[in-house]
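The values are calculated or read from the model by the stated rules, or taken from the named source; none is laboratory data. Given the structure is predicted, the values throughout are model-derived calculations rather than measurements. Cβ placement follows ideal geometry from the backbone for every residue including glycine, while neighbour counts extend to all protein chains displayed.
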Amino acid sequence: MRSTLFHDNQGMSLPAMLAIVLFLMASVLGLLSYVVFQANLTDKNIEFSQEYTNAITDIKTVQHIIARDKITDPAEIDTLAAYLGVNVETVGEGVYRFSRNLEAVNRTVDGYLAPKTEIVSTYEEIFSYQGNEDDFELSPLVTATTMLTAYLNEYIPETFPDAPMDGDFSTFQGSMDYLYGLTPDYYTLKEPSDIENQVNPDVSGYWYVDGDVTLDNQDLTVAEGRLLVIDGNLETNGNTHITGNFVINGDLIVDGKPRQDRQIIGTFYVDGDVEIARDTIIGSPDRPAFIFANGSISLGNNVTVYGYIIADSFSGQQGANFIEGGVYTHGDAKLPKDFEPDEDLTQEDLNDYGVTTSVIVETQEQGETTFTYTNPRLS
């Protein structure tokens, strides 16, 4: 039987064939975009569910009681967790994982607690590795939240010596509330339009932006020594260069068409997810970028990264991607083949780059009982 793609003895014309191929490609890409959209929508629906809220509350209650009453006996911890319907297990050395499965969906809410912790060098503990070595494991206590907390405890006293450090830094939102409390004495409260209405926004002051910021073919520059706080998403479209240090209480989305000019250089503390479109450059050989996200980080095709990434999960295998630096995750890490170490980074560089020089991790050494725990999250 003759193929339906042919008529009589003549093959299909090249323009017609290309039209069909382009149609199929567009259909597939549209389907993939829909799948990603549905996945993100599902996460948002879960987070608004009563089952999710109850799980968060019960896990936080267990963590709080253990810390408040200084409970170290494993049997007592097991009894308390069982009473509130929370699963408990020992992870690694000296860390408890508290979790609950959500029956409505195939997902889990979990949080971690370490009865004893120590302060160590961020470079020695994390950035001296690439993250894929057999002898490396990212501490469950190291997240975008704890990295931000540690940095604020260095940055604020240096920048505003008379500002009080009396916030609740156990959650990302707690840090946001603290930074909001610095307005108007130290930070200036701004609207997204204060950035979006500039041709190429230049932030030279200490700004707290209340809402989502969207850049459309605009370059955004945050002055050296400043920390731009955005209480919402930061999204770009088209040609854009972003330079500076950011706290983003939402998602970081760098979007646009192939072969557009996109580069982001700086340090980004992100409570949500990070999505980087194809043909984007992250960091530079002279200034590596640092992206710390409580959610997932995904790279499109042909993305070049000079920098360091901490996230719940990472996906960067799509096509011709290149990373010079490190990737550290608590979950899956799909790394590109071109993954090389950065031989130049030192501990002394971190402060200049807006990154904490020390971090809290679990320990089994004798010492003070500190009961450090992470905010429960969907995993």
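Laid out as a table, the results:
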read-out: Matching entry among ALA293, ALA223 (being of a type in the set (Gly, Ala, Ser) and touching a residue at least 24 places away in the same chain (Cβ under 8 Å)); value: ALA293
read-out: Selected residue (criterion: farthest from THR149 (Cα to Cα)) from residues of segment 177-203 that are out of contact with any Phe, Trp or Tyr (no Cβ under 9 Å at 6 or more places or on another chain) and in contact (Cβ under 8 Å) with a residue 24 or more places away in the chain; value: PRO192
read-out: Test: residue in segment 291-314 that is surrounded by fewer than 18 Cβ atoms within 10 Å (Cβ to Cβ) and part of a strand (DSSP E or B); value: yes
read-out: All strands (runs of 3 or more DSSP E) inside segment 40-136 with 3 or more residues being under 17 Å from ASN375 (Cβ atoms) and β-branched (Val, Ile, Thr); value: 107-121
read-out: Candidate set from segment 312-338 (those that are among the hydrophobic types (A, V, I, L, M, F, W, C) and without any contact (Cβ under 8 Å) to a residue 24 or more places away in the chain); member that is farthest from GLY131 (Cα to Cα); value: ALA320
read-out: Some residue of segment 158-174 being buried (at least 17 other Cβ atoms within 10 Å of the Cβ) and modelled with pLDDT of 95 or more; value: no
read-out: Only one of MET1, MET12, MET25 that is surrounded by 12 or more Cβ atoms within 10 Å (Cβ to Cβ), modelled with pLDDT under 50, more than 17 Å from PHE371 (Cβ to Cβ) and out of contact with any helix residue (DSSP H, G or I) (no Cβ under 6 Å at 6 or more places or on another chain); value: MET12
read-out: Residue satisfying condition, being hydrophobic (A, V, I, L, M, F, W, C) and over 24 Å from ASN245 (Cβ atoms), within set ALA333, ALA311; value: ALA333
read-out: Within segment 339-359, considering residues that are part of a loop (DSSP other than H, G, I, E, B) and free of Cβ contacts under 8 Å to residues at least 60 places away in the same chain, the one surrounded by the most Cβ atoms within 10 Å (Cβ to Cβ); value: ASP342
read-out: When residues of segment 142-161 are limited to those that are touching an Asp or Glu at 6+ places or on another chain (Cβ under 9 Å) and in a loop (DSSP other than H, G, I, E, B), the one farthest from ASP273 (Cα to Cα); value: PHE160
read-out: Any hit, segment 254-265, residues being surrounded by 16 or more Cβ atoms within 10 Å (Cβ to Cβ), farther than 23 Å from ASN302 by Cβ and either of a type in the set (A, V, I, L, M) or modelled with pLDDT of 95 or more (or both); value: no
read-out: Every residue from segment 338-356 that is under 18 Å from GLY244 (Cα atoms) and of a type in the set (Val, Ile, Thr); value: VAL355, THR356
read-out: Sole exception among (1) within 18 Å of ILE310 (Cβ to Cβ); (2) touching a residue at least 12 places away in the same chain (Cβ under 8 Å); (3) surrounded by fewer than 20 Cβ atoms within 10 Å (Cβ to Cβ) for SER128, by number; value: (2)
read-out: Counted residues, segment 360-369 - those being surrounded by fewer than 15 Cβ atoms within 10 Å (Cβ to Cβ) and either of a type in the set (Phe, Trp, Tyr) or touching a residue at least 24 places away in the same chain (Cβ under 8 Å) (or both); value: 5
read-out: Cβ pairs under 7 Å, 6+ apart, first in segment 153-172 and without any contact (Cβ under 8 Å) to a residue 60 or more places away in the chain, second of a type in the set (S, T, N, Q); value: MET165/ASN153; GLY167/SER175; PHE169/THR149; PHE169/SER175
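Listed here are the residues, each with its yes/no results for (1) surrounded by 21 or more Cβ atoms within 10 Å (Cβ to Cβ); (2) of a type in the set (Phe, Trp, Tyr); (3) touching a strand residue (DSSP E or B) at 6+ places or on another chain (Cβ under 8 Å); (4) at pLDDT below 95.
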| position | (1), (2), (3), (4) |
| --- | --- |
| VAL222 | yes, no, yes, no |
| ARG226 | no, no, yes, no |
| VAL229 | yes, no, yes, no |
| GLY238 | no, no, yes, yes |
| GLY250 | no, no, yes, no |
| VAL270 | yes, no, yes, no |
| VAL274 | yes, no, yes, no |
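Yes/no per residue for (1) among the small types (Gly, Ala, Ser); (2) at pLDDT 90 or above; (3) buried (at least 18 other Cβ atoms within 10 Å of the Cβ):
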| residue | (1), (2), (3) |
| --- | --- |
| THR53 | no, no, no |
| THR57 | no, yes, no |
| VAL62 | no, no, yes |
| PRO74 | no, no, no |
| ASP78 | no, yes, no |
| GLY85 | yes, yes, no |
| ALA114 | yes, no, yes |
| SER121 | yes, yes, no |
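To keep it simple, each residue is scored yes or no on (1) assigned to a strand (DSSP E or B); (2) under 16 Å from the mean Cα position of the chain (by Cα).
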site: ILE264; (1), (2): yes, yes
site: TYR269; (1), (2): yes, yes
site: GLY272; (1), (2): no, yes
site: ARG287; (1), (2): no, no
